[in-house]
Amino acid sequence: MVVLIRLFDMKISSFIFALIVLAQIGFVEEDKSEQIRVYTKPGFYTYKSDLNAAFSDVPEVEILKLQKGFQNEAMSAPSKGLNAQTFAEVKKTMVDHIEQECRNKYGLSDELHAFLSENQAIREAFLLSFESRHDDVKNAIKIFTELLNIDKKTLLKYYHLAIAISVVWDQEDAVDSSQKACIWGFENSQFKISYNAIDVWGYYTGKYQKYFLHKIDKLVWPMLTYIVDYDLSEEEQSWAIANYASWKTKIGNLYQEVKYDYQKIETRKPALGLNRPYTIMNIKEYNGICGDQAHFASRIAKTLGIPSMKVSGDGRFGGSHAWAGYLIGKNGKPSIEFTGRYNNDMYYVGHTYNPQKRNLTLDRHLAMMLDGAAKSYGDYIDALVASRLSLQVMKSQPEISKALALFAIDLSPYSKDAWDGVIESIDAKAIDYKESIEIYKEMLKSISEHPDISLDVMMAINRSIPNEEFKTKQKLFDMTAPLYLKMKRPDLMIELRKEQCKQLAAVDGLNTLKLALLTCIQSAEESTLILPLVEICVDVTKELKLESKVKPYFDQIDAAFPKKRGSAPSEAYAEFRKLKAKI
């Protein structure tokens, strides 16, 4: 097997491939963003298989109790199917089930059991926070118990923080990998994590709170997981507060505080060197490239009580880049914003390291999740529970699974887990395509500000529509396109047109092709991003012998396509010219 690690920077148009040959040469692995990823050094990582499930399934007989709450078919979708009171009873059963297994297998003591019994909100939040295939539950319980023993009164106030620390610091490589994500060119000897879970708890509940943007006790644990992966030393922490305490309301400017290290790009050797510690002070003094800028900004943000993360993704010119995300207050609610996400190169999506699950999360999905948790934490968690139960009974009880999936999106349309459950139900044909289209119409309205998940749902619905119903497929594409135009997401529009060409060119060739070519014209400045769609258009044109009818469209794309990347000729344009020459 070959593990392929791509080291990019937005300042260069080409990329470096670092190939680590583990066994057999010649195999390029599939997308593994959902798989556990552990960084062995900056820029290098290995994959781990998911852990065995920590908990057994909730007894199905308990889930079947949901049938008594089924409402009649006159109820409007997606609410029909479940009674909220019955669901609450089943959720309680799930929490009881998890707690019992924690007592039997993972060291949840009688003392902790008694504390949780007296504090039901904490009990539910803690036990439902575990990711069954990602968390070391025994260690998480140990950490939570240690925090409780330090000061019960403090934990009662900051229990969401305690939960976040427990599910992040339970795996010894989680914070280390979060620290090394998005950066390259350094040695492990330059990194040191001097803090531990107890130190992080002390910092965020102690005297430094006066410097924080957010009140820590007002943030919920899904947000706080992106603050407790804290990897700075006490010296770095003191320096950050001394120099940037007044910046908590202008975090977006931190990224530019680090000047660009052109030496690192030109020679592959950082000005910081390979012997100095990789600290925020040294990054500021010796400069860095985009990953270092993102590290600097996100770590100072965490120091100022702001959940933040490094993000990396590809731009429209093909080069990869790193930027930083951070949680600010917007209209009275926490909301994620980004800095260093340069508009000129249009980095539409990126991935960030999830410190709890130790895998990559799409930054747009993270933003959606944080919006959902901010709007209603209770609904967000209930949607998560319904999604997990839906997945458990997908094969054995498809109707209950469907009802749970629909109940989840009704509770919180901001939950990706909930939409994943709907997709599973569509693929399993528990939700037919006519009903799914009605659900999709509501989706386009309810979470229009988060369009990325709509593409996955639309694709699932399209798979469920019989091929002979091509007009229905066409309507689905037509109802989706306006959202992508409104939200200025040509990347999603390009993906939509690619799928549209593949599915409908054979039955509606010229019209479908024209729509795709118009998208290429409108999005020609996206450069590299449109090349896969251009290639599909060329193939369809040749197959249907439409060269004379569409050549003017290709000329318009040519006229609008960027000819240079900076001062150098554009490699993407050269590739476009090769494709155009085929017709």
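Starting from the Cα-Cα distance between Lys563 and Ile583, subtract it from 0.36 nm times their residue separation and give me the gain in nm to one decimal.
Working: separation 20, 0.36 × 20 = 7.20 nm, distance 2.02 nm.
5.2 nm is the gain from fully extending Lys563 to Ile583.
By the rule of a C-alpha distance below 17 Å, with chain neighbours fewer than 8 residues away ignored, the aspartates and glutamates paired with Lys264 are Asp9, Glu187, Glu285, Asp292.
At q = 0.06, 0.11, 0.12 Å⁻¹ the log10 of I(q)/I(0) for the chain amounts to -0.34, -1.14, -1.31, computed by Debye summation with a single uniform scatterer per C-alpha, solvent ignored. For the stretch 353-459, the set of GluC sites (Glu not before Pro) satisfying both a DSSP loop assignment and a count of at most 14 other C-beta atoms within 10 Å is given as Glu449.
Out of the trypsin sites (Lys or Arg not before Pro) in the stretch 334-407, which ones are loop residues according to DSSP with at most 13 other C-beta atoms within 10 Å? Mind dumping the intermediate values first?
Working: sites: Arg341, Lys357, Arg358, Arg364, Lys375, Arg388, Lys395, Lys402; in loops: Arg341, Lys357, Arg358, Lys395.
Passing both the DSSP loop test and the Cβ count: Lys395.
How large is the direction-averaged shadow of the alpha-carbon convex hull of the stretch 489-583, in nm²? Mind dumping the intermediate values first?
On the way: hull surface 21.7 nm².
Computed as one quarter of the Cα hull surface, the answer is 5.4 nm².
Going from the residue with the fewest nearby Cβ atoms within 10 Å to the one with the most, Glu235, Glu131 rank Glu235, Glu131. Which one, Leu272, Ile198, Gln500, is farthest towards the positive end of the dipole of the chain when Lys and Arg carry +1 and Asp and Glu -1 on their Cβ? The Cα lying farthest towards the positive end belongs to Leu272.
Potential lengthening of the chain between Asn253 and Tyr342 amounts to 30.7 nm, from the contour at 0.36 nm per residue minus the alpha-carbon distance.
Going by C-beta contacts inside 10 Å, put Ile381, Ile165 in order with the fewest on the left.
Values: Ile381 23, Ile165 29.
By the 10 Å Cβ count, ascending: Ile381, Ile165.
Any chance you could run the full-extension gain for Lys218 through Ser117? It's 0.36 nm times the residue separation minus the Cα-Cα distance, nm to one decimal.
Values: separation 101, 0.36 × 101 = 36.36 nm, distance 2.26 nm.
Using 0.36 nm per residue and subtracting the Cα-Cα distance, I get 34.1 nm.
Placing +1 on each Lys and Arg Cβ and -1 on each Asp and Glu Cβ, with no other charges, gives the chain a dipole about its Cα centre of roughly 1600 debye.
By average Cβ neighbour count within 10 Å, what is the ranking of 547-554, 122-129 from highest down?
122-129, 547-554
Under 9 Å from the Cβ of Met368, count the other residues' Cβ atoms, weight Lys and Arg +1, Asp and Glu -1, and hand me the total. Please report the intermediate quantities before stating the final value.
On the way: positive: Arg364, Lys416; negative: Asp371, Glu449, Asp452.
So the surrounding residues net to -1.
Ranking of Ser570, Ser387 by neighbouring Cβ atoms within 10 Å, starting from the fewest: Ser570, Ser387. When you restrict to C-alpha pairs under 8 Å that are six or more residues apart and normalise by the size of the stretch 489-583, the relative contact order lands at 30 percent.
Using the Cα gyration tensor of the stretch 337-431, with a ≥ b ≥ c the square roots of its eigenvalues, what is the shape: rounded (a/c below 1.5), prolate (a/b larger than b/c) or oblate (neither)? Judged from the Cα gyration tensor, the stretch 337-431 comes out prolate (a/c at least 1.5, a/b above b/c). Database remark: amide H of Tyr45 closer than 5 angstrom to the amide H of Thr40 (H placed geometrically; neighbours at sequence offset of 5 or more, or on other chains; Pro and chain starts carry no H). Under 18 Å of direct C-alpha separation, and excluding same-chain neighbours fewer than eight residues apart, Lys142 reaches these aspartates and glutamates: Glu99, Glu101, Asp110, Glu111, Glu124, Glu131, Asp151, Asp170, Glu172, Asp173, Asp199, Asp229. Checked against a 27 Å cut-off, the cross-linked pairs Lys284/Lys333; Lys486/Lys582; Lys210/Lys330; Lys395/Lys416; Lys395/Lys475 give Cα-Cα distances beyond that limit for Lys284/Lys333; Lys486/Lys582; Lys395/Lys475. In percent, rounded to a whole number, the relative contact order of the chain is 11, using alpha-carbon pairs under 8 Å and six or more apart. At a Förster distance of 30 Å, what's the computed FRET efficiency of Asp199 paired with Val38, Cβ-Cβ distance as r, to 0.05? My answer for the efficiency is 0.85. Straight-line reach from Lys65: taking Cα to Cα under 14 Å and skipping same-chain neighbours fewer than 8 places apart, the aspartates and glutamates in range are Glu89, Glu399.
Here, each number is a calculation from the coordinates, and none is a lab measurement. Being a predicted model, the structure only gives us computed values, none of them experimental. Note: ideal-geometry Cβ built from the backbone for every residue, glycine included; neighbour counts use all protein chains shown.
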